[in-house]
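Since the structure comes first, as C-alpha cells, the remarks are kept for the end.
Read the figures in this text as sums done on the coordinates, not as results from a lab. What you are looking at is a predicted structure, and each value in this text was computed from that prediction instead of being measured. Here the Cβ positions follow ideal geometry from the backbone for every residue, glycine too, while neighbour counts run over all protein chains shown.
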Amino acid sequence: MMMFDLPDPATCYDAFFDRTPEARARTAGRLWVGVTSTGIFCRPGCPARQPKAENCRWFGSVQACVEAGFRACKRCRPLEPEGADPLVARLTRALEADPARRWSEADVAALGIDPSTARRAFRRALGMTFLDLARMRRLQAGFGQLKQGARVIDAQLEAGFDSGSGFRAAFARLLGIAPEVLQKASATALLSADWIDTPIGPMIAVADETSLHLLEFADRPALPRELARLRDGVKGRLGLGRTAPMDRAEAEMTRYLAGEDARFTTPLTLHGTPFTRQVWDALRTIPAGRTVSYSDLARTIGRPDATRAVARANGANQIAVMIPCHRVIGADGSLTGYGGGLWRKQRLIELERDYA
C-alpha cells in the first residue's frame with residue numbers, strides 16, 4: 001500500500017488491536033506498532049500480549065519501524081509477506097538459522113516435510129527450489145568474505161564447499177567470472193559489484209562512485225554475459241565492493257517491494273545503442289500499475305514499425321525494476337518473456353496494482 005497520514009495514537013491503538021476480520025482488512029499492510037518496552041515491532045493480529053497504550057509508537061511502514069530502531073517480532077514476523085506459505089516460511093527460517101549448512105532432500109525430509117512438496121511450494125513462491133535458495137545463500141556468504149579481502153579458500157569454507165574447484169565452478173556459473181579474478185581487481189576497480197537481498201530473490205548490483213550500471217536478479221541466465229560486457233568495457237577493472245549508488249538502490253528497492261514508494265532516483269548509467277536507450281527511457285515513463293504492449297511502446301517512441309526491435313531492446317535491459325521492462329506484456333495480455341522469471345514479473349505487476 002501507499003503510505004498515508006496516520007490518525008491519532010488512540011485511534012491507531014483501537015484499530016490495531018481490534019481482532020475482527022473487518023478491522024484486520026483495514027489495517028493490514030497500513031499500520032505497524034513499535035513497542036518501546038520491548039524494542040520490537042509487530043503487524044496487526046500479532047498473538048503477543050497486548051502492550052499498554054503509552055508504550056506504543058505507530059508507523060505507516062516497515063521501513064519506518066526499522067529506521068526508528070525497532071526489531072521485527074519473532075511471533076508475527078512482520079518482515080515476511082502477509083499470507084506466506086507456512087511451509088516456505090518454516091524452511092526459510094531453518095535456512096536463516098543455519099545458512100552455511102549443505103542442505104539436502106534428506107535434511108528436508110528429516111524435518112517431516114516431503115521434499116517434492118517443498119519443491120513445488122518454493123517454485124510457486126520464489127521461482128526456485130529450496131535447495132537452489134540454500135546454494136545461493138552459501139554463495140552469498142562466500143561473496144561477502146571475498147569482498148572483505150578473505151582468501152578464496154576461506155570464502156570457500158564459509159560458503160560450505162568442500163572443494164575449491166566446486167566453489168570456483170559455482171561462483172563462475174553464477175557470475176561468469178572466477179572469484180580470484182574479481183577479488184584481484186578490487187584494489188584498482190573502476191566498477192564494483194555487490195549483493196543485494198530482496199524478498200523476491202537476491203540481486204547483483206554493479207556501480208561506480210556516482211551511478212548504477214547494472215541491477216539484475218542473481219539467477220538471471222544473461223547475468224554472466226552482462227557482467228562480461230561491463231568488465232570488458234573497463235578493461236578488466238571490475239572488482240568487489242560497495243558504493244553509495246548501491247546503498248541508495250537497496251533502500252529504494254526495499255521501499256518499493258514493501259509497497260511504500262514506486263519512485264526511483266538512483267543515478268543510472270545506461271550501456272546501449274541510442275535506440276535501446278530511447279526504449280529504456282520510454283519504459284521509465286510507464287506509471288506503476290499500468291502495463292503496455294510492445295506495439296504500444298513502439299508507437300510511444302515514434303517507431304510503430306519497430307515492434308520486434310523494441311522487444312529486443314526491452315530484453316536487453318540490465319537495470320531490473322528501476323527500468324520497468326516488467327510492465328510490457330503481449331498484445332493479447334500474456335506476460336511473455338522476462339529475464340528474471342515470469343513468476344517475478346507476475347509478482348511485480350500484482351504489487352503495483354496498489355500503486356495505481
>> For segment 285-356, take every pair of Cα atoms, bin their distances at 10 Å starting from 0, and report each bin as a whole percent.
In response: 20, 57, 21, 1
> Gap in Å between the Cα centre of segment 221-247 and the Cα centre of segment 270-325?
Replying inline: 23 Å
>> Cut-off 10 angstrom, C-alpha nodes, Gaussian network model of the chain. Which of Ala64, Ala306, Ala110 fluctuates the most?
In response: Ala110
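For segment 148-217, state which GluC sites (Glu not before Pro) are in a DSSP loop and have at most 15 other beta carbons lying within 10 Å of their beta carbon. Working shown, then result.
On the way: sites: Glu158, Glu180, Glu209, Glu216; in loops: Glu209.
Answer by residue number: Glu209.
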> Of all DSSP beta bridges located in the chain, what percent are antiparallel, nearest 5?
Replying inline: 65 percent
> When we measure straight from the Cα of Lys74, which lysines land under 28 angstrom away, once same-chain ones fewer than 8 places off are left out?
Replying inline: Lys52
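Which length gain, in nm to one decimal place, applies between Arg19 and Thr117 when the Cα-Cα distance is subtracted from 0.36 nm times their residue separation? Let's see the in-between values first.
Details: separation 98, 0.36 × 98 = 35.28 nm, distance 3.25 nm.
Result for the pair: 32.0 nm of gain on full extension.
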> So which trypsin sites (Lys or Arg not before Pro) in segment 156-251 are both in a DSSP loop and have at most 16 other Cβ atoms within 10 Å of their Cβ?
Replying inline: Lys235, Arg237, Arg242
> To the nearest 500 deg cm²/dmol, what mean residue ellipticity at 222 nm is calculated for the chain from DSSP H runs of n ≥ 4 alone, each contributing -39,500 (n - 2.57), summed and divided by the residues?
Replying inline: -13000 deg cm²/dmol
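Which of the trypsin sites (Lys or Arg not before Pro) found in segment 1-61 are loop residues per DSSP with 11 or fewer other Cβ atoms within 10 Å of their Cβ?
Arg19, Arg49, Lys52
Can you give the % of DSSP beta bridges in segment 9-72 that are antiparallel, to the nearest 5? Please report the intermediate quantities before stating the final value.
Numbers: 7 of 9 bridges.
So the antiparallel bridges in segment 9-72 amount to around 80 percent.
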> Given the Cα-Cα distance of Asp247 and Glu350 and 0.36 nm per residue of separation, how much length would full extension add, in nm?
Replying inline: 34.5 nm
>> I need two numbers for segment 9-72: Rg to one decimal and Dmax as a whole number, Cα atoms only, in Å.
In response: 10.7, 30
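Going by the alpha-carbon gyration tensor, a ≥ b ≥ c the square roots of its eigenvalues, is the chain rounded (a/c under 1.5) or, if a/c is not under 1.5, prolate (a/b greater than b/c) versus oblate? Mind showing how you got there, number by number?
Details: a/c = 1.69, a/b = 1.21, b/c = 1.40.
Here the chain falls in the oblate category.
Distances longer than 16 Å among the Cα atoms of segment 85-150: what percent of all pairs is that? Walk me through the numbers before you get to the answer.
Working: 966 of 2145 pairs.
That tail contains 45 percent of the Cα-Cα pairs.
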>> Can you return the lysines within cross-link range of Lys147? Criterion is Cα-Cα under 26 Å, with same-chain partners fewer than 8 residues away left out.
In response: Lys184, Lys235
>> Report the gain in length on full extension from Thr210 to Glu54: 0.36 nm times residue separation, minus Cα-Cα distance, nm rounded to one decimal.
In response: 51.7 nm
>> Based on alpha-carbon centroids, what's the gap between segment 141-183 and segment 16-53 in Å, whole number please?
In response: 43 Å
> Name the residues of segment 325-356 whose amide N is less than 12 Å from a point 7 angstrom out from the Cα of Thr265 along the C-beta direction?
Replying inline: none
> Using a simple spin-label model with points 7 Å from Cα along the Cα→Cβ vector, what separation in nm is obtained for Asp332 and Asp132?
Replying inline: 2.5 nm
